[in-house]
1. Considering Asp141, Asp153, which residue is at pLDDT 85 or above and within 26 Å of Gly284 (Cα to Cα)?
2. Looking at segment 579-598, is at least one residue crowded, with 16+ Cβ neighbours inside 10 Å, in contact with a Ser or Thr (Cβ under 6 Å, 6 or more places away or on another chain) and at pLDDT below 90?
3. Would you mind stating whether Ala136 is in contact with a Leu (Cβ under 8 Å, 6 or more places away or on another chain), in contact (Cβ under 8 Å) with a residue 40 or more places away in the chain, over 30 Å from Leu201 (Cα atoms) and buried (at least 17 other Cβ atoms within 10 Å of the Cβ)?
4. Looking at (1) in contact with a Gly (Cβ under 6 Å, 6 or more places away or on another chain); (2) part of a strand (DSSP E or B); (3) of a type outside the set (Lys, Arg), which one does Ala279 not meet, given that it meets all the others?
5. If we scan segment 162-182, do we find a residue that is out of contact with any strand residue (DSSP E or B) (no Cβ under 7 Å at 6 or more places or on another chain), under 22 Å from Glu80 (Cα atoms) and not aliphatic (A, V, I, L, M)?
6. Quick one: which strands (runs of 3 or more DSSP E) lie wholly within segment 509-627 and hold at least 3 residues that are within 27 Å of Glu491 (Cα to Cα)?
7. Select, from Thr306, Thr238, the only residue that is over 30 Å from Leu133 (Cα atoms), open to solvent by 20 Å² or more (accessible area, probe 1.4 Å) and under 33 Å from the mean Cα position of the chain (by Cα).
8. Which numbered condition trips up Val453, out of (1) in a strand (DSSP E or B); (2) under 16 Å from the mean Cα position of the chain (by Cα); (3) aliphatic (A, V, I, L, M)?
Amino acid sequence: MTDNLLITALYGQSKYKHKDQFGNLGDATAPQIFFNGTTAAIDPRLINPNQQVANALAGGTSLIPAGAQETTKSFRFDVEYKLFDHTLRAGIDDNRLKSKDAGEAILTDYFRYVRYPNSRGDQMFLNNQTQTLVEAGATPDADGFYYAVRSRDFTTVTDAQSNQSAQYIEDRWQVTNTVLLTLGLRNEQFENKNGDGETFLKMDDFLSPRLSASWDVFGDATTKIYGSAGRYSLQIPTHVAVRGASRSTLADTYFVYTGVDPVTGAPTGLTQIADVYSANNEYGQAKDPRSVASQNIDPTYQDEFTLGFEQAFLTSYTGGVSLTYRKLKATIDDFCDYRPIDAYAEEHGIDLSKAEFYPFGCATINPGKGNTIYLDPDGADDDEDGVDEEAVAFDLSAADIGLPKPKRTYTALNFFLEHPFRDKWYGKLMYTWAKSKGNTEGQTKSDNGQSDVAVTSTWDFPELMEGANGYLPSDRRHTINGFGYYQVAPEWAVGGAFRLESGRPKNCFGDYAGDGEDIGGGQYGAVFFYCGDGSGDPDGAVATPRGSAGRLPWSYTFDLNVVYQPKYVDGLTLRADVFNLFNRQSTSSINEEHDSVINYGGLNSSYGRVISYTDPRVFRLTASYEF
């Protein structure tokens with residue numbers, strides 16, 4: 001607008017469609033079977049020696065529904081004004097995310113075979129069990145094992161919406177010729193809506209202060225000291241509504257069986273031994289938005305501090321060192337423990353026995369602090385508006401909930417040596433010593449592949465957190481990397497890059513063996529920080545705290561590139577890249593489930609098996625033209 005005034009505006013939108021693609025699946029409408037011929041999970045007296053499975057999808061595979069897509073709309077407006085030694089900035093930004101048919105579902109029948117020691121044949125062992133295996137007509141095999149099968153109904157498909165708005169102010173103050181100070185404040189608002197269009201998460205006026213400073217010590221740009229401090233929060237994605245706030249179903253039914261279909265692998269001659277049961281109370285019912293999220297919730301946020309020093313030397317080099325420290329202050333995840341609800345109800349004289357469905361399944365909370373949710377004691381929504389006006393506030397303290405405070409700290413020392421482009425070459429070498437420790441990664445859980453943001457099993461109930469504090473999956477103690485290029489000729493340049501990293505920590509996950517209770521009734525599988533001895537006896541298990549099972553091996557990659565910029569076509573750049581030139585594929589993740597989720601009380605033969613490697617060698621050719 002003028003020499004001192006700058007106004008900018010930006011708007012953009014995108015749409016992304018989701019779909020599953022598979023090869024030859026056989027009959028994808030046939031039942032899915034968790035079938036493994038190397039285990040004894042299926043009754044050996046009934047299985048066909050030439051057993052087949054008609055549906056080639058792995059048992060329990062959930063699929064993305066047809067038509068699933070995401071739409072993002074973003075707007076930003078900024079004003080910058082220079083006033084004496086100050087550069088003042090202010091602005092707003094707005095991000096709106098919409099998901100259509102988000103989530104997944106098992107689209108056919110799904111059966112999973114299980115076996116139990118004979119000690120469990122004559123007693124109740126399942127939630128909602130109506131009769132024992134023996135009462136249902138099951139008999140043990142020659143080794144004393146009883147056999148059953150589980151049927152699962154699962155869907156989380158829904159629409160969802162997430163909105164974030166923010167306003168900020170910033171002052172870049174040139175205090176002296178050698179000192180620059182930047183002060184800022186960001187104010188954010190968050191809102192999330194479920195599949196019925198109801199707001200279930202709302203946070204207003206979350207303030208994030210920020211400060212940075214830089215000092216040119218001698219005023220000649222040879223020596224610089226700098227530092228910063230700030231608070232940073234995360235927008236909650238739409239996916240948190242998929243299972244936590246919208247209608248969802250995860251219900252199991254157990255049977256004994258008298259046969260196995262030789263073509264599909266499905267059980268036949270079923271006798272039901274337990275009523276339909278959902279560990280998280282997910283029966284497809286509507287959810288009051290006040291019951292699925294805390295009413296006094298904070299966003300996920302962390303504080304970050306940096307301090308650094310840079311020095312130019314020998315006319316052609318710059319070196320430096322910096323310290324980075326980050327500390328998680330709050331996180332968001334779902335909590336699914338009914339015991340604090342029952343205790344609060346009993347203490348305050350609230351009768352929960354009249355509801356058609358138990359009024360609590362899971363709720364999105366801030367672990368480690370007090371949270372308030374509203375629950376309906378009788379389950380009645382008299383005017384069918386999705387909100388029960390008679391819902392009661394459950395003001396749960398941190399002690400009531402019983403979860404520890406979230407912990408995650410990251411400390412890093414970064415060293416670098418750089419040669420700016422001069423004498424036809426550029427290069428930079430970096431080394432990082434880092435430590436990442438705590439009881440949570442954040443809103444995902446990579447050590448067992450849970451990528452659903454803010455709906456992991458981490459905080460579902462306190463027993464899952466026993467032994468959770470330790471070195472996190474992101475903990476890589478040493479990282480060395482470098483890159484550079486050489487100008488071979490005016491039109492040609494050759495470059496390369498390498499990265500060398502120490503391995504991430506390994507875990508040993510198993511069935512629960514502590515002094516508390518696995519309220520999931522075994523449905524969570526091997527996700528606890530205990531490892532058994534294969535006997536099925538909890539006394540034979542040992543505690544295995546996070547990161548105590550050793551580390552994966554080091555990994556390294558080397559990349560090479562060639563760039564050609566012909567003079568006769570001004571603006572044209574041709575580039576050839578080879579990533580991972582030596583095709584070195586290191587282990588990046590392994591199966592960390594030590595105890596079997598198929599054979600109760602047994603060991604998992606796949607424990608320690610490699611799940612993924614680093615990317616193989618890749619070639620890429622690109623052409624770009626600037627005009």
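1. Exactly one of Asp141, Asp153 is at pLDDT 85 or above and within 26 Å of Gly284 (Cα to Cα), namely Asp153.
2. yes
3. no
4. (2)
5. Checked segment 162-182: at least one residue is out of contact with any strand residue (DSSP E or B) (no Cβ under 7 Å at 6 or more places or on another chain), under 22 Å from Glu80 (Cα atoms) and not aliphatic (A, V, I, L, M).
6. Because the criterion is at least 3 residues that are within 27 Å of Glu491 (Cα to Cα), the strands (runs of 3 or more DSSP E) in segment 509-627 that meet it are 555-564, 572-579, 618-625.
7. Thr306
8. (1)
The values are calculated or read from the model by the stated rules, or taken from the named source; none is laboratory data. All of these numbers come straight from a predicted model, not from anything done at the bench. Glycine gets a Cβ as well: all are built from the backbone with ideal geometry, and neighbour counts include every protein chain shown. Just the protein is used for accessible areas: all its heavy atoms, side chains included, with ligands, DNA and RNA removed. Shrake-Rupley method; radii C 1.70, N 1.55, O 1.52, S 1.80 Å.
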